[in-house]
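Only one structure is covered here, and it is reproduced in the block below.
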Amino acid sequence: MANKDEPSQQAGNTAGDKPAATAQGREVGKKARQWAMFCHIAGLAWMVWWLAPVIGGVIGTLIVWQVKKDDDPFIDQHGKRAFNFQLSMLIYCLALCITVIGVFLAPVVGILDVVFTIIAAIRASDGKDYQYPLTIPFIK
């Protein structure tokens, strides 16, 4: 017999299956949250793409975003933000690498890229909005 103080759980209605509400109050389904998360995670492609580590994050994010942007506005919003952030990080790295002191600061940009990307992916997975810091808004 169920205790009245404990909330009952319906079969198939776990926290991962429930739509999450965004800041605009719109509910976001599990698939949309996953693809929005993949938009951010694709930005880490620069870490494993040995042919062009400098642009891997931009291309990875761009591909995922372009393929899935029409499926849900939540995916489109996160894809734009992830692309803008990765493109901003690319520009910052290139600008730093042409200066002597920037060669030493470029790894800091790489670390910030990883940290902010992981935070954004977690927020997208939770169905929440996330605004990257240090981002130039190329696409609105």
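Here, each number is a calculation from the coordinates, and none is a lab measurement. From a predicted model like this one, the values you see are computed outputs, not experimental measurements. For neighbour counting, all protein chains shown are included, and Cβ atoms are generated from backbone atoms with ideal geometry for every residue, glycine included.
Seen from all directions on average, segment 47-140 presents a Cα convex hull projection of 6.2 nm². Loop-located chymotrypsin sites (Phe, Trp or Tyr not before Pro) in segment 28-91 (DSSP state not H, G, I, E or B) with no more than 13 neighbouring Cβ atoms inside 10 Å: TRP50.
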